[in-house]
Amino acid sequence: GWEADLAEVPTFLDRSGLTWDGLRQLLATHAAENLSIDPANSCDLTEMELVGAAPGDRLAAFDRVNDVLRLSAYTDYTVWEADLVLDTLFGGVYPRTDAALQTLAEFELLRQELGFEVESLAAWFGPADERYWAAHATVLGFSPNTLPNTTSGVRNALSDGAATMMRQLQDSWDFATL
């Protein structure tokens with residue numbers, strides 16, 4: 001069937017429009033975390049197949065990968081950034097609803113308004129990496145020298161700052177017109 005056909009690496013590359021390097025980057029995302037290439041040590045693409053870690057994993061991963069590739073194609077996000085946004089905003093499963101599209105549109109408008117990179121803005125809404133704290137702490141009203149000592153501390157501080165900024169933006173933007 002179509003799943004077995006799509007699992008053949010040359011077919012997957014052709015249909016997705018990815019290069020070999022693009023496929024390797026995709027396999028490093030959360031969306032494809034249960035996918036691997038078999039045989040792993042082959043140099044011949046025609047011998048390679050995408051396999052799931054357990055029965056049913058491949059089909060579920062193809063569904064998530066489809067979401068990532070579509071978001072990446074529609075925006076200027078890399079595959080990694082598209083995966084990060086979907087993982088952060090929706091727990092890795094894009095619900096494919098009008099509300100989800102609205103959330104994605106609001107995320108992108110906020111990113112453009114603030115001039116942030118995708119990864120930096122995503123840190124507001126999910127687990128934050130301490131290395132991005134200093135770059136954006138002052139925008140959120142914090143001193144870059146007051147780095148919280150845990151990821152949850154960074155997340156809480158960013159969430160507080162993001163909530164304040166979101167209230168300010170909501171006062172000046174009409175999100176209903178997006």
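The values are calculated or read from the model by the stated rules, or taken from the named source; none is laboratory data. Just so you know, these numbers come straight off a predicted model, no measurement behind them. Positions of Cβ are backbone-derived with ideal geometry, glycine not excepted, and every protein chain shown enters the neighbour counts. Heads up: the accessible areas ignore ligands, DNA and RNA and are worked out on the full protein's heavy atoms, side chains in. Shrake-Rupley method; radii C 1.70, N 1.55, O 1.52, S 1.80 Å.
From the list Arg70, Arg58, Arg24, which residue is at negative phi, under 13 Å from the mean Cα position of the chain (by Cα) and open to solvent by 40 Å² or more (accessible area, probe 1.4 Å)? It would help to see each step written out before you state the result.
Details: Arg58 fails: under 13 Å from the mean Cα position of the chain (by Cα); Arg24 fails: under 13 Å from the mean Cα position of the chain (by Cα).
The match here is Arg70.
From the list Thr97, Thr103, Thr46, Thr29, which residue is over 12 Å from the mean Cα position of the chain (by Cα), of a type in the set (Ser, Thr, Tyr) and surrounded by 14 or more Cβ atoms within 10 Å (Cβ to Cβ)? Even if it seems obvious, please write down each step before you answer.
Working: Thr97 fails: surrounded by 14 or more Cβ atoms within 10 Å (Cβ to Cβ); Thr46 fails: surrounded by 14 or more Cβ atoms within 10 Å (Cβ to Cβ); Thr29 fails: over 12 Å from the mean Cα position of the chain (by Cα).
Exactly one residue qualifies, and that residue is Thr103.
Could you list, in sequence order, the residues of segment 96-109 that are part of a loop (DSSP other than H, G, I, E, B) and either modelled with pLDDT of 90 or more or of a type in the set (D, E, K, R) (or both)? Write out each step before concluding.
Taking segment 96-109 and keeping what is part of a loop (DSSP other than H, G, I, E, B), we get 96-97.
Arg96 - this is the single residue of segment 96-109 that is part of a loop (DSSP other than H, G, I, E, B) and either modelled with pLDDT of 90 or more or of a type in the set (D, E, K, R) (or both).
From the list Thr29, Thr103, Thr75, Thr97, which residue is among the polar types (S, T, N, Q) and touching a Leu at 6+ places or on another chain (Cβ under 7 Å)?
Details: Thr29 fails: touching a Leu at 6+ places or on another chain (Cβ under 7 Å); Thr75 fails: touching a Leu at 6+ places or on another chain (Cβ under 7 Å); Thr97 fails: touching a Leu at 6+ places or on another chain (Cβ under 7 Å).
On inspection, the qualifying residue turns out to be Thr103.
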